[in-house]
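Here the structure is laid out as structure tokens; the discussion comes afterwards.
Bear in mind these aren't lab numbers, they're just calculated from the coordinates by the rules spelled out. Because the structure is predicted, anything quoted here is derived from the model rather than measured. Every residue, glycine as well, gets a Cβ built from its backbone with ideal geometry; the counts of neighbours run over all protein chains shown.
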Amino acid sequence: MTGNSERISLNINGKDVPVSVGDRTIDRIVEISERYDRVVLITGSDTVENFSEYIPDLGGMRGELTKIMLNYDDNLKNIRNYQKIIRVMIERNISSDSLIVAIGGSSVCDISGFVACTFRGGVDYVPVPAVPLAQVSNAISGINGINFSSFEDAMSTRYSPKEVVIDTHFTRLSDNEEFKDGVSEIIRYGLLGDNSLISLLSNTEDLKTLKESDGLVKLISKSIQTRSDLAGSGDELHRKALCFGRIIGDTVLHVSRNRAKYYEAILAGMMLESFLGERSGISGKETREKMKSMMDRYSLKKSSIKDIGTDNILKSLAERFQIDLRKLSFVVPEEAGKPEAFEMERDRIVSGLRAFTEQYEYSPPSIP
């Protein structure tokens, strides 16, 4: 590879998977596609609209190319689109020794990986995530799924890609809200496993500077390596650490019907779960202070627990985890690389939620 780029190996579902990160790494799909007689290229309409001139023309490769474009919406990864892709692949005589390349956001990568895993016993799959969150999370998780009715990822599989291609051209051209989603995940990995990620983030002034910096490639590479190390750890506690911020954060997303931005909900989850850890004597306030520093630096805001409603959050938690019947487990970083687990009963979670909103979200009435 040329230019500012790196090539690393990640353990995804127990398999070593090469990952190319950097400028113009998307050209790797031309090299990879040349090895196959049939290639299926799956894209989202939003990616084609925004990056059509940047996506390589695979028409000149030696094999047969099938293009499938999915119309972008909030429920792209549904059974209807899954059936559409399968139908086209059957009509084009796609065999099990073919290749699927997915270029798009998290939903495109998810449904394409699910197709790759389930079609004719499994075909090779290369995701090219085009949004920051997919680059540092979904595309390298090894988990793919599709939604059913209102249930997200109701059908899911574990399947390792043949290779992952992360092109920072997409990262640099992402809008600020999408970029903030990715930054929130990097902060999460830094707090959980590699404090040098926080140091790297501290070396730039704001979102614009971070997007344009030469250190972006290193930041992404270290982030996904940290995530992979946690997910593949032989220590169960380190694996569970990836749930940090997600128990409350995913609940906030659910209660808000996904109106909250991903980064807003996840940051609220990390802040609140850290606060609960403090009240349990597990962690100190340093974790939240680091988060607050990064939030200020990159203009990140969290969802308001008070505005969403503690009762709504408790109801959703009860439905998901039955906390009215048992304790709920959390894992928070005592310090970078040292996660700690604790359990809380429902009454203590209720008091923790109320104390958090009173201390950090209370707005005194205005004086007339």
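Over the range 5-172, what relative contact order in percent results from Cα pairs under 8 Å that are six or more residues apart?
It rounds to 27 percent for the range 5-172.
Given the options 339, 295, 272, identify the residue whose Cα lies farthest towards the positive end of the charge dipole of the range 175-360 (+1 on Cβ of Lys, Arg; -1 on Cβ of Asp, Glu).
Checked the options; the winner is 272.
Which percent, to the nearest 5, of DSSP beta bridges fully inside the range 5-172 are antiparallel?
35 percent
Could you work out how far helix 106-118 tilts from the main Cα principal axis of the chain, as a 0 to 90 degree angle to the nearest 10?
The angle comes out near 60 degrees.
Once the other residues with Cβ under 11 Å from the Cβ of residue 232 are scored (Lys, Arg +1; Asp, Glu -1), what is the net sum?
Charge balance in the 11 Å sphere: 0.
Between residue 80 and residue 347, what FRET efficiency follows from the Cβ-Cβ distance if R0 is 41 Å, with the result rounded to 0.05?
Approximately 0.40, to the nearest 0.05.
Name the residues whose placed amide hydrogens come within less than 5 Å of the amide hydrogen of residue 10, ignoring near sequence neighbours (fewer than 5 apart) on the same chain.
Those lying under 5 Å, H to H, from residue 10 are 17, 19.
If I histogram all Cα-Cα distances within the chain using bins 20 Å wide from 0, what percent of pairs lands in each bin?
29, 56, 15, 1
Only residues of the range 189-233 count here: report those whose backbone N is under 20 Å from the spot 7 Å along Cα→Cβ of residue 9, or say none.
Counting only backbone N, you get 221-233.
Could you sort out which of 77/338; 211/315; 240/315; 292/315 sit more than 31 Å apart by Cα distance in this structure?
77/338; 211/315
Got the relative contact order for the chain handy, in percent, Cα pairs under 8 Å and 6 or more residues apart?
With pairs under 8 Å counted, the relative contact order is 14 percent.
What size of dipole, in debye to the nearest 20, comes out for the chain about its Cα centre when the only charges are +1 on Lys and Arg C-beta atoms and -1 on Asp and Glu C-beta atoms?
The calculated dipole for the chain is roughly 580 debye.
Please enumerate, by chain and number, the aspartates and glutamates with C-alpha under 12 Å from the C-alpha of residue 302, excluding those fewer than 8 residues away in the same chain.
181, 264, 361
Report the charge-dipole magnitude of the range 175-360 in Debye, nearest 20, computed about the Cα centre from +1 at each Lys and Arg Cβ and -1 at each Asp and Glu Cβ.
Roughly 300 debye for the range 175-360.
Looking at 135, 149, 93, which one has the Cα that reaches farthest to the positive end of the dipole of the chain (charges on Cβ: Lys, Arg +1; Asp, Glu -1)?
Of the listed residues, the answer is 149.
Could you compute the FRET efficiency for residue 312 and residue 175, with r as their C-beta to C-beta distance and R0 at 30 Å, rounded to 0.05?
0.55
Using Cβ counts within 10 Å as a stand-in for footprinting exposure, how do 57, 23, 153 rank, fewest first?
Exposure proxy ranking, most exposed first: 57, 153, 23.
Once you have the Cα-Cα distance between residue 148 and residue 91, take 0.36 nm times their residue separation minus that, and quote the gain in nm to one decimal.
18.0 nm
In deg cm²/dmol and to the nearest 500, what is the mean residue ellipticity at 222 nm of the chain if only DSSP H runs of at least 4 residues count, each as -39500 (n - 2.57), divided by the residue total?
Here the helix-only value at 222 nm equals -14000 deg cm²/dmol.
Quick check on the range 264-368: what does the Kirkwood estimate of hydrodynamic radius come out to from the alpha carbon pairs, in Å?
That comes to 14.6 Å for the range 264-368.
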